[in-house]
Amino acid sequence: MTGDRPHSDEQADRFSEPPQTFEDREGREITIRALDPDGFDALAEMYAAFDPADRAQGIPPTGEDRIEGWLETLVDEGLNVVAWDGDRAAGHATLVPDGDDGESYELAIFVLQEYQESGIGGRLMDALLGYGRGNGVENVWLTVERWNTAAVNLYEKVGFETTNAESFELEMSFRLN
Amino acid sequence: MKVLLGIAGSDETDAALEETVRRAVEANDDLTVAILEETDHESSPDEVEARARDRLDEADIDATIRRVSGDPGSELVEIAEREGFDRLVIGGGQRSPMGKIQLGSITEFVLLNAQVSVTLVR
Ligand SMILES: CC(C)(COP(=O)(O)OP(=O)(O)OC[C@H]1O[C@@H](n2cnc3c(N)ncnc32)[C@H](O)[C@@H]1OP(=O)(O)O)[C@@H](O)C(=O)NCCC(=O)NCCS
(Lines give C-alpha, C1' and ligand atoms only; values in the text may rest on other atoms or scores of the structure.)
Protein backbone atom coordinates (compact mmCIF):
# COMPACT_ATOMS: atom_id res chain seq x y z
CA MET A 1 0.00 0.00 0.00
CA THR A 2 1.28 3.42 -0.85
CA GLY A 3 0.03 6.94 -0.33
CA ASP A 4 0.64 9.71 2.12
CA ARG A 5 0.01 8.65 5.64
CA PRO A 6 -1.07 11.33 8.04
CA HIS A 7 1.05 11.42 11.14
CA SER A 8 0.23 12.83 14.49
CA ASP A 9 1.92 11.76 17.69
CA GLU A 10 -0.62 13.65 19.67
CA GLN A 11 -3.39 11.57 18.18
CA ALA A 12 -1.59 8.27 18.51
CA ASP A 13 -0.70 8.93 22.14
CA ARG A 14 -4.25 9.15 23.29
CA PHE A 15 -5.04 5.46 22.70
CA SER A 16 -4.98 3.13 25.66
CA GLU A 17 -4.02 -0.53 25.68
CA PRO A 18 -6.46 -3.23 26.74
CA PRO A 19 -7.88 -4.29 29.15
CA GLN A 20 -10.51 -1.58 29.49
CA THR A 21 -13.79 -1.82 31.36
CA PHE A 22 -16.66 0.63 30.92
CA GLU A 23 -20.42 0.90 30.96
CA ASP A 24 -21.92 1.21 27.46
CA ARG A 25 -24.79 3.56 26.60
CA GLU A 26 -27.29 0.79 27.37
CA GLY A 27 -25.85 0.32 30.86
CA ARG A 28 -24.09 -2.98 30.12
CA GLU A 29 -20.68 -3.54 31.67
CA ILE A 30 -18.27 -4.24 28.83
CA THR A 31 -14.64 -5.33 29.10
CA ILE A 32 -12.23 -5.13 26.19
CA ARG A 33 -9.35 -7.58 26.27
CA ALA A 34 -6.70 -8.85 23.89
CA LEU A 35 -8.01 -12.15 22.52
CA ASP A 36 -6.65 -15.21 24.28
CA PRO A 37 -7.07 -18.74 22.89
CA ASP A 38 -9.93 -19.50 25.31
CA GLY A 39 -12.03 -16.81 23.67
CA PHE A 40 -11.93 -18.29 20.17
CA ASP A 41 -15.19 -20.27 20.36
CA ALA A 42 -17.19 -17.39 21.78
CA LEU A 43 -15.85 -15.15 19.02
CA ALA A 44 -16.80 -17.71 16.37
CA GLU A 45 -20.30 -17.75 17.90
CA MET A 46 -20.53 -13.98 17.62
CA TYR A 47 -19.80 -14.24 13.90
CA ALA A 48 -22.24 -17.12 13.45
CA ALA A 49 -24.92 -14.78 14.86
CA PHE A 50 -23.79 -11.80 12.76
CA ASP A 51 -26.47 -10.28 10.51
CA PRO A 52 -25.48 -10.99 6.88
CA ALA A 53 -26.70 -7.49 5.98
CA ASP A 54 -23.88 -6.08 8.09
CA ARG A 55 -21.13 -7.94 6.25
CA ALA A 56 -18.51 -5.74 4.67
CA GLN A 57 -16.68 -6.60 1.43
CA GLY A 58 -17.24 -10.32 1.87
CA ILE A 59 -16.30 -10.56 5.55
CA PRO A 60 -17.18 -12.11 7.90
CA PRO A 61 -17.67 -15.16 5.69
CA THR A 62 -20.78 -17.25 6.29
CA GLY A 63 -20.94 -20.84 7.56
CA GLU A 64 -19.19 -22.30 10.59
CA ASP A 65 -16.18 -23.75 8.76
CA ARG A 66 -15.47 -20.65 6.74
CA ILE A 67 -15.83 -18.43 9.81
CA GLU A 68 -13.38 -20.58 11.77
CA GLY A 69 -10.88 -20.71 8.92
CA TRP A 70 -11.03 -16.94 8.55
CA LEU A 71 -10.67 -16.36 12.31
CA GLU A 72 -7.70 -18.71 12.51
CA THR A 73 -5.82 -16.54 10.04
CA LEU A 74 -6.63 -13.42 12.02
CA VAL A 75 -5.59 -15.06 15.29
CA ASP A 76 -2.39 -16.63 13.92
CA GLU A 77 -1.17 -13.55 12.12
CA GLY A 78 -2.86 -10.55 13.65
CA LEU A 79 -3.53 -8.50 16.77
CA ASN A 80 -7.06 -8.95 18.10
CA VAL A 81 -9.16 -7.27 20.76
CA VAL A 82 -12.61 -8.43 21.83
CA ALA A 83 -15.39 -6.60 23.70
CA TRP A 84 -16.99 -8.93 26.25
CA ASP A 85 -20.40 -8.70 27.88
CA GLY A 86 -19.78 -11.35 30.53
CA ASP A 87 -18.73 -14.40 28.54
CA ARG A 88 -20.45 -13.20 25.40
CA ALA A 89 -18.42 -11.60 22.60
CA ALA A 90 -20.13 -8.35 21.57
CA GLY A 91 -17.50 -6.92 19.25
CA HIS A 92 -14.10 -7.59 17.72
CA ALA A 93 -11.42 -5.48 16.10
CA THR A 94 -8.34 -6.79 14.35
CA LEU A 95 -5.07 -5.74 12.74
CA VAL A 96 -3.59 -8.10 10.14
CA PRO A 97 -0.09 -7.56 8.74
CA ASP A 98 0.35 -6.82 5.06
CA GLY A 99 3.13 -9.29 4.65
CA ASP A 100 5.66 -7.12 2.90
CA ASP A 101 7.30 -5.25 5.78
CA GLY A 102 5.77 -6.24 9.12
CA GLU A 103 4.95 -2.60 9.82
CA SER A 104 1.78 -2.02 7.87
CA TYR A 105 -1.48 -3.57 9.07
CA GLU A 106 -4.99 -3.81 7.68
CA LEU A 107 -7.79 -3.03 10.14
CA ALA A 108 -11.34 -4.35 10.46
CA ILE A 109 -13.97 -3.98 13.17
CA PHE A 110 -17.32 -5.66 13.83
CA VAL A 111 -19.87 -5.04 16.55
CA LEU A 112 -22.79 -7.44 16.95
CA GLN A 113 -26.05 -5.78 15.89
CA GLU A 114 -27.69 -5.61 19.32
CA TYR A 115 -24.59 -3.89 20.72
CA GLN A 116 -24.19 -1.29 18.00
CA GLU A 117 -24.50 2.45 18.61
CA SER A 118 -23.71 2.04 22.30
CA GLY A 119 -20.16 3.32 22.20
CA ILE A 120 -18.48 -0.09 21.92
CA GLY A 121 -17.02 0.41 18.44
CA GLY A 122 -15.29 3.62 19.51
CA ARG A 123 -13.76 1.93 22.55
CA LEU A 124 -12.68 -1.08 20.49
CA MET A 125 -10.83 1.22 18.08
CA ASP A 126 -9.14 2.93 21.00
CA ALA A 127 -8.04 -0.38 22.55
CA LEU A 128 -6.94 -1.89 19.22
CA LEU A 129 -4.85 1.12 18.23
CA GLY A 130 -3.34 1.29 21.74
CA TYR A 131 -2.52 -2.41 21.49
CA GLY A 132 -1.06 -1.96 18.00
CA ARG A 133 1.01 1.01 19.04
CA GLY A 134 2.36 -0.99 21.99
CA ASN A 135 3.31 -3.77 19.58
CA GLY A 136 5.24 -1.54 17.21
CA VAL A 137 2.66 -1.25 14.43
CA GLU A 138 3.51 1.74 12.25
CA ASN A 139 0.86 2.10 9.60
CA VAL A 140 -2.76 1.09 9.74
CA TRP A 141 -4.92 1.09 6.61
CA LEU A 142 -8.31 -0.16 5.53
CA THR A 143 -10.78 0.00 2.71
CA VAL A 144 -14.44 0.75 3.31
CA GLU A 145 -17.48 0.95 1.09
CA ARG A 146 -18.53 4.58 0.58
CA TRP A 147 -22.08 3.93 1.70
CA ASN A 148 -20.99 2.42 5.04
CA THR A 149 -21.58 5.68 6.90
CA ALA A 150 -21.29 4.17 10.37
CA ALA A 151 -17.82 2.83 9.64
CA VAL A 152 -16.62 5.89 7.69
CA ASN A 153 -17.77 8.20 10.52
CA LEU A 154 -16.10 6.03 13.11
CA TYR A 155 -12.78 5.96 11.23
CA GLU A 156 -12.85 9.71 10.64
CA LYS A 157 -13.62 10.35 14.28
CA VAL A 158 -10.58 8.32 15.31
CA GLY A 159 -8.42 10.36 12.93
CA PHE A 160 -8.12 8.20 9.81
CA GLU A 161 -7.62 10.10 6.61
CA THR A 162 -8.70 9.13 3.12
CA THR A 163 -5.68 8.19 1.03
CA ASN A 164 -7.47 6.98 -2.09
CA ALA A 165 -10.98 7.89 -3.16
CA GLU A 166 -10.75 6.84 -6.79
CA SER A 167 -12.51 3.50 -6.59
CA PHE A 168 -15.75 2.03 -5.23
CA GLU A 169 -14.13 1.74 -1.85
CA LEU A 170 -12.38 4.45 0.09
CA GLU A 171 -8.89 3.67 1.27
CA MET A 172 -8.08 5.26 4.61
CA SER A 173 -5.01 5.17 6.76
CA PHE A 174 -3.46 6.27 10.01
CA ARG A 175 0.14 6.46 11.19
CA LEU A 176 0.67 5.06 14.69
CA ASN A 177 4.38 5.02 15.38
CA MET B 1 -24.12 -17.65 -26.27
CA LYS B 2 -21.26 -15.48 -27.47
CA VAL B 3 -18.98 -14.98 -24.46
CA LEU B 4 -15.94 -12.74 -24.04
CA LEU B 5 -13.61 -13.62 -21.15
CA GLY B 6 -11.00 -11.05 -20.12
CA ILE B 7 -8.00 -12.26 -18.11
CA ALA B 8 -4.64 -10.87 -17.00
CA GLY B 9 -1.97 -12.43 -14.82
CA SER B 10 -3.62 -11.77 -11.44
CA ASP B 11 -4.75 -14.27 -8.78
CA GLU B 12 -8.30 -14.22 -10.08
CA THR B 13 -7.29 -15.46 -13.51
CA ASP B 14 -7.33 -19.19 -12.90
CA ALA B 15 -10.76 -19.25 -11.29
CA ALA B 16 -12.23 -17.11 -14.07
CA LEU B 17 -10.69 -19.29 -16.78
CA GLU B 18 -11.72 -22.53 -15.12
CA GLU B 19 -15.32 -21.52 -14.51
CA THR B 20 -15.81 -19.95 -17.94
CA VAL B 21 -14.41 -22.94 -19.80
CA ARG B 22 -16.54 -25.30 -17.72
CA ARG B 23 -19.67 -23.34 -18.58
CA ALA B 24 -18.70 -23.04 -22.22
CA VAL B 25 -18.45 -26.81 -22.48
CA GLU B 26 -21.82 -27.25 -20.77
CA ALA B 27 -23.68 -24.55 -22.65
CA ASN B 28 -21.78 -24.85 -25.91
CA ASP B 29 -20.82 -21.18 -25.73
CA ASP B 30 -18.96 -19.46 -28.50
CA LEU B 31 -15.99 -18.37 -26.36
CA THR B 32 -13.33 -15.75 -26.97
CA VAL B 33 -10.53 -15.37 -24.45
CA ALA B 34 -8.97 -11.91 -24.37
CA ILE B 35 -5.49 -11.83 -22.80
CA LEU B 36 -4.90 -8.36 -21.40
CA GLU B 37 -1.45 -7.00 -22.11
CA GLU B 38 -0.72 -5.91 -18.57
CA THR B 39 2.74 -6.28 -17.14
CA ASP B 40 2.21 -5.50 -13.47
CA HIS B 41 1.21 -9.05 -12.55
CA GLU B 42 2.80 -12.26 -11.34
CA SER B 43 2.41 -13.92 -14.72
CA SER B 44 3.27 -12.35 -18.07
CA PRO B 45 0.71 -12.20 -20.90
CA ASP B 46 2.60 -15.03 -22.65
CA GLU B 47 2.27 -17.27 -19.61
CA VAL B 48 -1.39 -16.43 -19.26
CA GLU B 49 -1.97 -17.21 -22.92
CA ALA B 50 -0.15 -20.55 -22.59
CA ARG B 51 -2.28 -21.45 -19.59
CA ALA B 52 -5.46 -20.52 -21.42
CA ARG B 53 -4.43 -22.57 -24.46
CA ASP B 54 -3.71 -25.62 -22.29
CA ARG B 55 -7.04 -25.35 -20.55
CA LEU B 56 -8.95 -24.96 -23.83
CA ASP B 57 -7.15 -27.92 -25.39
CA GLU B 58 -7.84 -30.01 -22.36
CA ALA B 59 -11.54 -29.15 -22.53
CA ASP B 60 -11.40 -29.78 -26.25
CA ILE B 61 -13.35 -26.70 -27.25
CA ASP B 62 -12.88 -24.47 -30.19
CA ALA B 63 -12.34 -21.03 -28.69
CA THR B 64 -10.55 -17.96 -29.98
CA ILE B 65 -7.64 -16.45 -28.10
CA ARG B 66 -6.60 -12.90 -28.74
CA ARG B 67 -4.38 -10.28 -27.18
CA VAL B 68 -5.77 -6.94 -26.07
CA SER B 69 -3.54 -3.91 -25.62
CA GLY B 70 -4.37 -0.37 -24.61
CA ASP B 71 -6.62 0.45 -21.69
CA PRO B 72 -7.92 -3.00 -20.73
CA GLY B 73 -11.31 -2.00 -19.29
CA SER B 74 -12.41 0.19 -22.17
CA GLU B 75 -11.00 -2.23 -24.76
CA LEU B 76 -13.05 -5.10 -23.32
CA VAL B 77 -16.20 -3.01 -23.27
CA GLU B 78 -15.53 -1.85 -26.85
CA ILE B 79 -14.92 -5.32 -28.21
CA ALA B 80 -17.97 -6.76 -26.47
CA GLU B 81 -20.18 -4.10 -27.99
CA ARG B 82 -18.66 -3.86 -31.45
CA GLU B 83 -18.58 -7.59 -32.01
CA GLY B 84 -21.97 -8.43 -30.57
CA PHE B 85 -20.99 -10.47 -27.52
CA ASP B 86 -23.83 -11.47 -25.19
CA ARG B 87 -21.78 -11.58 -22.06
CA LEU B 88 -18.49 -10.33 -20.67
CA VAL B 89 -16.75 -12.40 -17.98
CA ILE B 90 -13.99 -11.14 -15.69
CA GLY B 91 -12.40 -12.03 -12.36
CA GLY B 92 -14.41 -11.14 -9.28
CA GLY B 93 -11.85 -9.32 -7.18
CA GLN B 94 -8.81 -10.14 -5.11
CA ARG B 95 -8.65 -10.62 -1.38
CA SER B 96 -6.81 -8.32 1.01
CA PRO B 97 -4.69 -9.77 3.88
CA MET B 98 -7.85 -9.51 5.99
CA GLY B 99 -9.92 -11.42 3.46
CA LYS B 100 -11.86 -8.43 2.13
CA ILE B 101 -12.83 -8.56 -1.51
CA GLN B 102 -11.32 -5.72 -3.47
CA LEU B 103 -12.38 -4.92 -6.99
CA GLY B 104 -9.69 -3.73 -9.34
CA SER B 105 -10.01 -0.72 -11.60
CA ILE B 106 -10.67 -2.84 -14.71
CA THR B 107 -13.56 -4.59 -12.99
CA GLU B 108 -15.00 -1.29 -11.90
CA PHE B 109 -14.75 0.23 -15.34
CA VAL B 110 -16.37 -2.79 -16.95
CA LEU B 111 -19.23 -2.93 -14.42
CA LEU B 112 -20.04 0.73 -14.86
CA ASN B 113 -19.65 0.99 -18.61
CA ALA B 114 -20.54 -2.30 -20.26
CA GLN B 115 -23.80 -2.46 -22.20
CA VAL B 116 -23.80 -6.25 -22.13
CA SER B 117 -24.30 -8.47 -19.08
CA VAL B 118 -21.20 -8.91 -16.95
CA THR B 119 -20.27 -11.96 -14.88
CA LEU B 120 -17.75 -11.77 -12.04
CA VAL B 121 -16.21 -15.13 -11.25
CA ARG B 122 -15.25 -15.96 -7.70
C1 LIG C 1 -19.03 0.33 12.20
C2 LIG C 1 -19.34 -0.29 13.56
C3 LIG C 1 -18.16 -1.13 13.99
C4 LIG C 1 -19.54 0.84 14.60
O5 LIG C 1 -19.64 0.26 15.89
P6 LIG C 1 -20.59 0.87 17.04
O7 LIG C 1 -20.32 0.12 18.30
O8 LIG C 1 -21.98 0.92 16.57
O9 LIG C 1 -19.99 2.35 17.16
P10 LIG C 1 -20.13 3.39 18.38
O11 LIG C 1 -21.47 3.27 19.02
O12 LIG C 1 -18.95 3.26 19.26
O13 LIG C 1 -20.05 4.76 17.58
C14 LIG C 1 -18.79 5.37 17.28
C15 LIG C 1 -18.95 6.36 16.14
O16 LIG C 1 -19.22 5.67 14.93
C17 LIG C 1 -20.14 6.44 14.14
N18 LIG C 1 -21.39 5.69 13.96
C19 LIG C 1 -21.72 4.50 14.54
N20 LIG C 1 -22.92 4.08 14.11
C21 LIG C 1 -23.36 5.01 13.25
C22 LIG C 1 -24.53 5.13 12.44
N23 LIG C 1 -25.51 4.20 12.48
N24 LIG C 1 -24.65 6.21 11.63
C25 LIG C 1 -23.69 7.14 11.57
N26 LIG C 1 -22.55 7.08 12.31
C27 LIG C 1 -22.39 6.03 13.14
C28 LIG C 1 -20.36 7.72 14.87
O29 LIG C 1 -19.38 8.63 14.45
C30 LIG C 1 -20.09 7.31 16.30
O31 LIG C 1 -19.72 8.38 17.10
P32 LIG C 1 -20.86 9.08 18.06
O33 LIG C 1 -21.37 7.97 18.93
O34 LIG C 1 -20.10 10.11 18.78
O35 LIG C 1 -21.90 9.59 17.13
C36 LIG C 1 -20.63 -1.13 13.53
O37 LIG C 1 -21.66 -0.35 12.99
C38 LIG C 1 -20.51 -2.41 12.74
O39 LIG C 1 -20.06 -3.45 13.25
N40 LIG C 1 -20.95 -2.41 11.45
C41 LIG C 1 -20.99 -3.60 10.61
C42 LIG C 1 -19.63 -4.09 10.20
C43 LIG C 1 -18.84 -3.08 9.44
O44 LIG C 1 -19.32 -2.47 8.50
N45 LIG C 1 -17.58 -2.91 9.84
C46 LIG C 1 -16.69 -1.96 9.21
C47 LIG C 1 -15.97 -2.54 8.06
S48 LIG C 1 -14.71 -3.69 8.51
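The values are calculated or read from the model by the stated rules, or taken from the named source; none is laboratory data. Just so you know, these numbers come straight off a predicted model, no measurement behind them. Areas reflect the complete protein model, heavy atoms only, side chains present, ligands, DNA and RNA absent. Shrake-Rupley method; radii C 1.70, N 1.55, O 1.52, S 1.80 Å.
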What is the angle, in °, between the Cα long axis of helix A:120-134 and the longest principal axis of the Cα atoms in chain A? Nearest 10 is fine, range 0 to 90.
60 degrees
Once every DSSP H run of n ≥ 4 in chain B is given -39500 (n - 2.57) and the sum is divided by its residues, what mean residue ellipticity at 222 nm do you get, rounded to the nearest 500 deg cm²/dmol?
-13000 deg cm²/dmol
Where a ≥ b ≥ c are the square roots of the eigenvalues of the C-alpha gyration tensor, would you call chain B rounded, which needs a/c under 1.5, or, failing that, prolate if a/b is larger than b/c, or oblate?
rounded
Quick one: Debye curve from the C-alpha atoms of the range A:71-119, no solvent, what's log10 I(q)/I(0) at q = 0.13 Å⁻¹?
-0.36
Ratio of the Cα radius of gyration of the protein assembly as shown to 2.2 N^0.38 Å, where N counts its residues:
1.16
How large is ³J(HN,Hα) for each residue in the range A:61-68, as worked out from phi by the Karplus curve 6.51 cos²θ - 1.76 cosθ + 1.60 (θ = phi - 60°), to whole Hz, x for Gly and Pro?
x, 9, x, 3, 5, 5, 4, 5
Area hidden from solvent between A and B (accessible, protein heavy atoms only, 1.4 Å, total, Å²)
1300 Å²
Using a probe radius of 1.4 Å on heavy atoms only, what accessible surface per residue do you get for the protein assembly as shown? Whole Å² is fine.
49 Å²
If you take the square roots of the eigenvalues of the alpha-carbon gyration tensor of chain A and sort them as a ≥ b ≥ c, do you get rounded (a/c under 1.5), prolate (a/b over b/c) or oblate?
rounded
Given a 1.4 Å probe and every protein chain left where it sits, what share in percent of the accessible area of the range A:20-136 is carbon and sulfur?
39 percent
Among A:Ile109, A:Ile67, A:Ile120, residue whose mean-square fluctuation peaks in a GNM of chain A (springs only between Cα atoms under 10 Å):
A:Ile67
Choose one answer from A:Asp38, A:Asp126, A:Asp24: the residue with the largest mean-square fluctuation in a GNM of chain A with alpha-carbon springs under 10 Å.
A:Asp38
Which value in deg cm²/dmol, rounded to the nearest 500, describes the helix-derived mean residue ellipticity at 222 nm for chain A, given -39,500 (n - 2.57) per DSSP H run of n ≥ 4 and division by the residue count?
-9000 deg cm²/dmol
Nearest 10 degrees is fine. How inclined is helix A:149-158 to the longest principal axis of chain A, computing both from alpha carbons?
60 degrees
